[in-house]
Amino acid sequence: MSKKKAAILGATGAAGQQFVEALKDHPWFEIAGLYASERSEGKPYGVAAKWFTSSPLQEDIAAMTVGNVEKAIHDVDQYDLFFSALPSGLSKEVEGLFAEHKPVISTASGYRYEDDVPILVPEVNAPHSELIKIQQEKRGWKGFVVPGPNCTTMGLIISLKPIYEKFGVKSVFMTSMQALSGAGYPGHSSLDIVDNMIPFIAKEEGKVVIETVKTLGAYDQGSIQNAGFPVSCTCTRVAVIDGHMLSIFVQTEKPCTPDDLKAAFVEFNDSCRKEFGDLPSSPKDAIVVKNEENRPQPRLDREIGDGMSTVVGRIRQDEVYGQHGIKYVALSHNTKRGAAKGELMAAEYLMTQGYF
Ligand code: NAP
């Protein structure tokens with residue numbers, strides 16, 4: 001099988017670099033084009049991108065010339081699909097232009113809240129991909145836009161999925177401790193964040209609330225019925241480079257003990273392995289449970305499953321709701337699972353379903 005030619009929009013940023021990293025030696029896709037702003041136009045990628053991911057940049061990619069996103073539409077026929085890591089505002093403006101012709105798999109929020117657009121995470125809501133046909137018919141597009149969720153929502157929904165299915169959910173409270181790379185490059189100034197944490201991230205909490213109930217919603221005759229539980233959250237920024245940590249409390253419909261939850265996670269992993277285990281970016285375990293009392297920790301655990309596993313620990317019964325309340329901590333790599341590699345896995349899934 002010849003590899004599909006992929007172009008990355010916003011290739012020089014934090015999420016864009018992770019697309020470059022995730023697509024390295026990929027068996028189904030190859031990087032055929034790199035695009036960013038006017039600032040990067042015409043430069044070799046190795047010069048335009050301030051490379052800060054943990055593994056070295058490949059020489060052939062470093063030598064590729066970066067194009068301007070504004071002009072990329074003229075090259076649309078050269079590619080089979082686009083991965084977008086554009087700033088949110090720009091994504092709304094630009095991704096639709098490309099989707100008229102080709103599939104666009106995006107980390108950005110521009111299209112997430114449109115009724116005909118799935119926020120696709122294969123392990124959570126694979127049937128939502130049915131919306132793609134409706135999107136194409138409604139908009140007259142040959143391609144489509146499929147975004148993933150916000151990086152903070154990712155660890156929440158993956159860990160909630162088995163709880164929601166097995167025990168039912170009445171309400172969710174979550175507090176995030178989010179990594180610096182979540183704000184893109186260069187992000188906060190060192191004087192703002194070293195020796196500090198910031199208890200506010202613009203627009204983040206609203207995104208988590210809406211995306212959680214949309215992604216966990218049911219696909220029914222051409223539309224998504226949102227999951228019917230309330231979500232309350234507080235999002236904070238901490239001095240960690242990668243890995244969003246979430247402190248989660250779930251009020252359940254049915255009783256759920258810590259042992260019940262661990263068993264539900266094992267069952268969930270088995271079913272994910274069965275359904276998605278053949279996708280190159282799928283982790284061996286969607287959820288990894290750490291039993292040590294002081295884990296997960298971002299520095300030690302974010303690369304588990306190549307940055308694709310959601311790492312859960314501190315599973316405890318809630319003191320207020322007893323067996324109808326469970327609490328835990330979840331860690332998810334924000335630029336891998338919560339952005340590029342997570343989107344790559346969605347693209348792999350869509351390819352196996354014949355969408356391109
Ligand atoms: P970033 O580090 O600031 O990178 C932004 C990218 O967009 C760069 O490649 C930049 O190119 C390009 N760009 C900026 N303005 C542009 C313009 N006017 N025209 C064309 N290209 C332009 O941001 P990021 O953190 O990677 O985030 C990218 C997207 O992914 C955002 O929508 C974000 O919400 C989403 N996301 C990020 C994360 C994360 O953890 N970082 C996780 C999930 C989703 P230049 O280098 O040439 O300026």
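Of the listed requirements (1) in contact with a Leu (Cβ under 7 Å, 6 or more places away or on another chain); (2) closer than 18 Å to LEU344 by Cβ; (3) surrounded by fewer than 24 Cβ atoms within 10 Å (Cβ to Cβ), LEU57 misses just one: (1). Checking every residue in the stretch 63-83 against the condition of being under 22 Å from GLY148 (Cβ atoms), part of a loop (DSSP other than H, G, I, E, B), touching a Gly at 6+ places or on another chain (Cβ under 7 Å) and in contact (Cβ under 8 Å) with a residue 40 or more places away in the chain gives at least one match. All conditions but one from (1) among the polar types (S, T, N, Q); (2) surrounded by 15 or more Cβ atoms within 10 Å (Cβ to Cβ); (3) at pLDDT below 95 apply to SER159; the one that does not is (3).
Annotation note: of LEU97, LEU86, the sole residue that is surrounded by fewer than 21 Cβ atoms within 10 Å (Cβ to Cβ), closer than 23 Å to GLN135 by Cβ and out of contact with any Lys or Arg (no Cβ under 7 Å at 6 or more places or on another chain) is LEU97. In summary, strands (runs of 3 or more DSSP E) completely within the stretch 206-277 and bearing 2 or more residues that are among the hydrophobic types (A, V, I, L, M, F, W, C) occur at 231-238, 244-252.
Just for the stretch 161-192: of the residues that are aliphatic (A, V, I, L, M) and more than 15 Å from the ligand (Cβ to nearest atom), which one is nearest to THR53 (Cα to Cα)? Steps first, please.
Of all residues in the stretch 161-192, those aliphatic (A, V, I, L, M) come to 163, 169, 172, 174, 177, 179-180, 183, 191.
Filter once more, keeping what is more than 15 Å from the ligand (Cβ to nearest atom): 163, 169, 172, 174, 191.
Numbers: ILE163: 33, VAL169: 37, VAL172: 33, MET174: 28, LEU191: 22 Å.
Ranking the qualifying residues of the stretch 161-192, first place goes to LEU191.
Scanning the stretch 162-205 for residues that are surrounded by 21 or more Cβ atoms within 10 Å (Cβ to Cβ), assigned to a strand (DSSP E or B) and of a type outside the set (A, V, I, L, M, F, W, C) gives SER176, GLN178.
Tell me whether the stretch 289-307 contains one or more residues that are farther than 28 Å from GLY182 by Cβ and polar (S, T, N, Q). I'd like the intermediate steps shown before the answer.
Applying the first criterion (farther than 28 Å from GLY182 by Cβ) to the stretch 289-307 yields none.
Scanning the stretch 289-307 turns up no residue that is farther than 28 Å from GLY182 by Cβ and polar (S, T, N, Q).
Every test in (1) within 16 Å of the ligand (Cβ to nearest atom); (2) buried (at least 20 other Cβ atoms within 10 Å of the Cβ); (3) closer than 24 Å to ARG299 by Cα is passed by ILE248 save one, and that test is (1). Whether any residue in the stretch 6-25 is surrounded by fewer than 17 Cβ atoms within 10 Å (Cβ to Cβ) and in a loop (DSSP other than H, G, I, E, B) is what I want to check. For the stretch 6-25, residues surrounded by fewer than 17 Cβ atoms within 10 Å (Cβ to Cβ) and in a loop (DSSP other than H, G, I, E, B): present.
Okay, residues lined up against (1) more than 12 Å from the ligand (Cβ to nearest atom); (2) under 30 Å from ARG139 (Cα atoms); (3) modelled with pLDDT under 95:
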{"site": "TRP28", "(1), (2), (3)": "yes, yes, no"}
{"site": "GLU41", "(1), (2), (3)": "no, no, no"}
{"site": "VAL47", "(1), (2), (3)": "no, no, no"}
{"site": "SER54", "(1), (2), (3)": "yes, no, yes"}
{"site": "MET64", "(1), (2), (3)": "yes, no, no"}
{"site": "PHE83", "(1), (2), (3)": "no, yes, no"}
{"site": "GLU93", "(1), (2), (3)": "no, yes, yes"}
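Of all residue pairs spaced 6 or more apart or on separate chains, those with beta-carbon atoms under 6 Å, a first member in the stretch 15-41 that is among the acidic types (Asp, Glu) and a second member that is assigned to a loop (DSSP other than H, G, I, E, B) and within 16 Å of the ligand (Cβ to nearest atom) are GLU21/THR53.
For the structure I just gave you, tell me whether ASP270 is more than 18 Å from the chain's Cα centre (by Cα) and either surrounded by 14 or more Cβ atoms within 10 Å (Cβ to Cβ) or not β-branched (Val, Ile, Thr) (or both).
Working: more than 18 Å from the chain's Cα centre (by Cα): yes; either surrounded by 14 or more Cβ atoms within 10 Å (Cβ to Cβ) or not β-branched (Val, Ile, Thr) (or both): yes.
Yes: the conditions hold for ASP270.
The values are calculated or read from the model by the stated rules, or taken from the named source; none is laboratory data. Treat the numbers as computed from the prediction; the structure is a model and nothing was measured. Quick reminder, even Gly has a Cβ in these numbers, built from the backbone with ideal geometry, and neighbours come from all protein chains shown.
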